[in-house]
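Heads up: the structure comes next, in structure tokens.
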Amino acid sequence: MASKRVLIYGGRGQLGSACVAHFKAAKWWVASIDLAANDSADANVLVNVTESWPSQLEQVSNATATILGIQPVDAIICVAGGWAGGNAASKNFIKNCDLVWKQSVWTSCIASSLACRHLCEGGLLQLTGAQPGLGGTGGMIGYGMAKAAVHQLVQSLAQSNSGLPKGSVTTALLPTTLDTAVNRASMPSSDTGSWTPLTYIAELLEEWSSGAGRPPNGSLMKVITEGGVSRTEVHNTANV
């Protein structure tokens with residue numbers, strides 16, 4: 001029987017599926033939260049994308065409480081997200097801003113709420129930012145805005161009055177481009193040597209979830225891949 005437990009928000013996406021597979025291989029009990037079930041997970045919470053933010057929180061919270069009961073989890077990892085481009089003059093500017101806000105900010109906030117209820121003391125809450133969100137993103141304003149909000153959320157959650165369990169750590173990984181099938185299909189001529197493998201992210205998150213090499217609370221961790229070799233680098237650490 002698995003002794004360690006993890007919630008993976010976005011567990012059916014490409015990165016989420018890689019995380020579910022790696023954690024399962026490492027003998028963790030894994031629950032996936034996503035729009036569709038991941039058959040490799042031990043339990044699934046299905047999200048209704050058409051609902052409002054408060055009702056989505058209520059639905060996910062109730063379903064999660066049902067599958068977890070009173071036993072806390074060691075880590076909550078949110079790898080849900082997506083991308084949409086466009087500047088302020090784009091026809092779909094507001095539509096795309098709304099989309100990426102739901103994909104990244106709604107999910108990160110709901111994951112944070114779940115952490116207050118179900119994360120063990122000393123556990124890990126991992127959200128997903130992006131390096132472009134550290135500065136201006138004129139050609140993809142909505143995306144940059146949403147990721148910048150996640151970065152701020154991480155630093156707020158690292159504060160002592162954030163509501164998270166005692167001794168817990170909140171961090172965010174900030175990749176640039178992940179090596180996914182979708183990215184390879186949409187950017188066939190790109191240099192993939194600078195793209196980060198999903199297996200690297202999954203292995204790193206399992207390591208941090210276990211307590212090994214975990215960065216300081218509130219850290220924004222850049223993921224850098226050069227010549228096919230990946231590493232992390234601290235962008236900054238919250239003043240806690």
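Quick notes on this one:
- Answer from 44, 48, 62, 38 - the residue that is assigned to a strand (DSSP E or B) and not hydrophobic (A, V, I, L, M, F, W, C): 44
- Subset of the stretch 157-167 (residues that are surrounded by fewer than 15 Cβ atoms within 10 Å (Cβ to Cβ) and either of a type in the set (S, T, N, Q) or outside any loop (DSSP other than H, G, I, E, B) (or both)): 160, 161
- Within the stretch 1-56, restricting attention to residues that are among the β-branched types (Val, Ile, Thr) and more than 17 Å from residue 209 (Cα to Cα), the residue that is modelled with the lowest pLDDT is 50.
- Filter pass, residue 220 being modelled with pLDDT of 95 or more, more than 22 Å from residue 181 (Cβ to Cβ) and open to solvent by less than 40 Å² (accessible area, probe 1.4 Å): yes
- Scoring residue 196 on the criteria (1) under 16 Å from the mean Cα position of the chain (by Cα); (2) open to solvent by 20 Å² or more (accessible area, probe 1.4 Å); (3) among the β-branched types (Val, Ile, Thr) leaves a single failure, condition (2).
- In the set (1) of a type outside the set (A, V, I, L, M, F, W, C); (2) more than 28 Å from residue 142 (Cα to Cα); (3) at pLDDT 95 or above, residue 71 fails one condition alone, (3).
- Take the conditions (1) under 20 Å from residue 34 (Cβ atoms); (2) among the aliphatic types (A, V, I, L, M); (3) modelled with pLDDT of 95 or more; residue 130 misses just one of them, which is (3).
- One residue stands out among those in the stretch 168-183 that are out of contact with any Ser or Thr (no Cβ under 7 Å at 6 or more places or on another chain) and in a helix (DSSP H, G or I): the one that is nearest to residue 206 (Cα to Cα), which is 181.
- Tallying residues that are open to solvent by less than 60 Å² (accessible area, probe 1.4 Å) and part of a helix (DSSP H, G or I) within the stretch 199-217 yields 8.
- Only residues that are closer than 16 Å to residue 29 by Cβ, open to solvent by less than 50 Å² (accessible area, probe 1.4 Å) and among the hydroxyl-bearing types (Ser, Thr, Tyr) were counted in the stretch 48-92, giving 1.
- Pairs are defined by a Cβ separation below 8 Å, a sequence spacing of at least 6 or placement on different chains, a first member in the stretch 52-78 that is farther than 11 Å from residue 110 by Cβ and of a type in the set (D, E, K, R), and a second member that is modelled with pLDDT of 95 or more and part of a helix (DSSP H, G or I); the pairs so defined are 74/209.
- Taking the stretch 34-47 as the range and being surrounded by 13 or more Cβ atoms within 10 Å (Cβ to Cβ) and closer than 22 Å to residue 105 by Cβ as the test, the residues that pass are 34, 45, 46, 47.
- The residue that is nearest to residue 174 (Cα to Cα), among those in the stretch 93-147 that are of a type in the set (A, V, I, L, M) and open to solvent by 40 Å² or more (accessible area, probe 1.4 Å), is 134.
The values are calculated or read from the model by the stated rules, or taken from the named source; none is laboratory data. Note that the structure is a prediction, hence the values are computed from the model and not measured. All Cβ positions, even for glycine, are placed from backbone atoms using ideal geometry, and neighbour counts span all protein chains on display. Keep in mind that these areas ignore ligands, DNA and RNA; they rest on the heavy atoms of the full protein, side chains included. Shrake-Rupley method; radii C 1.70, N 1.55, O 1.52, S 1.80 Å.
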